[in-house]
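The values are calculated or read from the model by the stated rules, or taken from the named source; none is laboratory data. Note that the structure is predicted; figures quoted are calculated from it, not measured. Note that we place each Cβ from the backbone using ideal geometry, even for glycine, and neighbour counts take in every protein chain shown.
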Amino acid sequence: MAEFLTHPALAARHGFFTRRGGVSTGAYAELNCGLRGDDPPANVAENRARAARALGVEPADLRSLRQVHGPRVVEATGAAEGATGAAWDALPEADGLVTRAPGLALGVITADCAPALFHDAEAGVIGAAHAGWRGAVGGVLEATVEAMVALGADRHRVNAVIGPCIAKASYEVRADLRDAVGDPRFFAPGRDAGHFQFDLAGYCVARLRAAGVAATAIGLDTLTDEARFFSHRRRTLAGGGPLGHQISAIVL
């Protein structure tokens with residue numbers, strides 16, 4: 001069974017899925033939900049189907065995106081945009097999804113970046129966003145909130161949770177990234193001169209709170225927890241090779 005984590009701040013059905021409970025093997029073991037890479041497509045389709053069914057929806061009702069580290073957000077309706085089974089290049093190019101359509105699951109793919117899930121229970125609106133540092137700086141989190149507001153949500157009723165992502169102690173960056181973020185509160189001195197430790201989850205939470213949203217982070221590090229999570233940085237430190245991705249999803 002596809003394993004996932006939940007957070008009490010979100011009343012809607014949701015899951016921050018781990019890498020456990022899928023059919024993929026090798027570097028992609030087990031619940032790889034990423035469409036890019038050399039994992040056989042049939043394995044990825046089965047993994048995504050398991051994630052969908054774990055949340056009580058059919059695989060065709062799990063929506064996802066062609067993520068590009070940008071601020072664009074799209075609305076998922078009853079049509080088949082972004083449906084599981086679509087080829088990578090057929091997915092909408094965006095990093096945020098929102099809907100008020102019951103029975104749809106909104107999913108984002110990560111392997112160190114921050115997955116964010118959103119819910120306004122009173123309005124019946126949900127959202128999901130993929131926030132790497134570029135997307136967060138570019139405003140994808142705020143854009144997701146604004147897209148929810150356009151569907152009838154109230155930002156002050158929205159609850160948001162940042163799921164498992166690379167933690168500050170694991171995320172060593174150079175000065176150019178620190179300068180691009182431009183907020184020293186989320187950086188500490190790195191182990192080497194000219195390097196810094198970046199608190200991606202804290203930065204995302206702070207941006208959401210500044211936008212009027214009740215936000216928190218689940219507080220799990222994808223890099224150090226190899227048994228449960230895929231990690232781009234871990235793969236890079238190991239010299240490269242195949243990379244799997246976990247999915248985070250929410251259902252209205």
Open item on the list: Where the second residue is among the basic types (Lys, Arg) and the first is at positive phi and lies in segment 146-161, which pairs have Cβ atoms under 8 Å and are six or more apart or on separate chains?
Closed with: Gly152/Arg100
- [ ] Could you tell me which of the residues Ala52, Ala27, Ala2 is farther than 18 Å from Ile126 by Cα and not in a loop (DSSP other than H, G, I, E, B)?
- [x] Ala27
- [ ] Please give the number of the condition Leu62 fails out of (1) surrounded by fewer than 19 Cβ atoms within 10 Å (Cβ to Cβ); (2) touching a residue at least 60 places away in the same chain (Cβ under 8 Å); (3) not hydroxyl-bearing (Ser, Thr, Tyr).
- [x] (1)
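Pick from Gly21, Gly85, Gly56, Gly26: which is surrounded by fewer than 19 Cβ atoms within 10 Å (Cβ to Cβ), farther than 19 Å from His130 by Cβ, in contact with a helix residue (DSSP H, G or I) (Cβ under 8 Å, 6 or more places away or on another chain) and at pLDDT 95 or above? Give the derivation first.
Values: Gly85 fails: at pLDDT 95 or above; Gly56 fails: in contact with a helix residue (DSSP H, G or I) (Cβ under 8 Å, 6 or more places away or on another chain); Gly26 fails: in contact with a helix residue (DSSP H, G or I) (Cβ under 8 Å, 6 or more places away or on another chain).
None of the others qualify; the one that does is Gly21.
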TODO: Report, by residue number, each residue of segment 173-210 that is closer than 26 Å to Asn159 by Cα, among the aromatic types (Phe, Trp, Tyr) and without any contact (Cβ under 8 Å) to a residue 60 or more places away in the chain.
DONE: Phe186, Phe187
TODO: Considering only residues that are buried (at least 17 other Cβ atoms within 10 Å of the Cβ) and in contact with a Lys or Arg (Cβ under 6 Å, 6 or more places away or on another chain), look in segment 184-212 and name the one that is farthest from Leu117 (Cα to Cα).
DONE: Phe196
- [ ] Check whether at least one residue in segment 173-183 is touching a helix residue (DSSP H, G or I) at 6+ places or on another chain (Cβ under 7 Å), buried (at least 17 other Cβ atoms within 10 Å of the Cβ) and at pLDDT below 95, and report yes or no.
- [x] no
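Among strands (runs of 3 or more DSSP E) lying entirely in segment 104-143, which contain 3 or more residues that are in contact (Cβ under 8 Å) with a residue 12 or more places away in the chain and of a type in the set (Asp, Glu)? Talk me through it step by step, then tell me what you get.
Working: elements: 105-110, 114-120, 125-131.
By residue number, no strands (runs of 3 or more DSSP E) qualify.
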TODO: Enumerate the pairs (first residue in segment 211-233 and under 22 Å from Cys33 (Cα atoms); second residue anywhere and basic (Lys, Arg) and surrounded by 15 or more Cβ atoms within 10 Å (Cβ to Cβ)) with beta-carbon separation below 7 Å, excluding pairs fewer than 6 apart on the same chain, so at least 6 apart or on different chains.
DONE: Leu223/Arg233; Leu223/Arg234; Glu226/Arg234; Arg228/Arg19; Arg228/Arg20; Phe229/Arg19; Phe230/Arg19
Task: Residue list for segment 148-168, restricted to those being part of a helix (DSSP H, G or I) and touching a helix residue (DSSP H, G or I) at 6+ places or on another chain (Cβ under 9 Å) - done: Lys168
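Answer yes or no as to whether Ala249 is aliphatic (A, V, I, L, M) and in contact with a helix residue (DSSP H, G or I) (Cβ under 8 Å, 6 or more places away or on another chain).
Judged against the criteria, Ala249 is a match.
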Open item on the list: Of everything in segment 130-146, what is of a type in the set (A, V, I, L, M, F, W, C) and either farther than 17 Å from Arg66 by Cβ or touching a Phe, Trp or Tyr at 6+ places or on another chain (Cβ under 6 Å) (or both)? Give them in sequence order.
Closed with: Trp133, Ala136, Val137, Leu141, Val145
Task: Residues satisfying the stated conditions in segment 121-163, i.e. surrounded by 20 or more Cβ atoms within 10 Å (Cβ to Cβ) and basic (Lys, Arg) - done: none
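Determine whether segment 108-128 contains at least one residue that is within 28 Å of Asn32 (Cα to Cα), of a type outside the set (Asp, Glu) and touching an Asp or Glu at 6+ places or on another chain (Cβ under 7 Å).
To start, the set of residues in segment 108-128 that are within 28 Å of Asn32 (Cα to Cα) comprises 108-119, 125-128.
With the extra rule that they be of a type outside the set (Asp, Glu), the set shrinks to 108-111, 113-119, 125-128.
The next check asks that each one be touching an Asp or Glu at 6+ places or on another chain (Cβ under 7 Å); those that pass are none.
No, segment 108-128 has no match at all.
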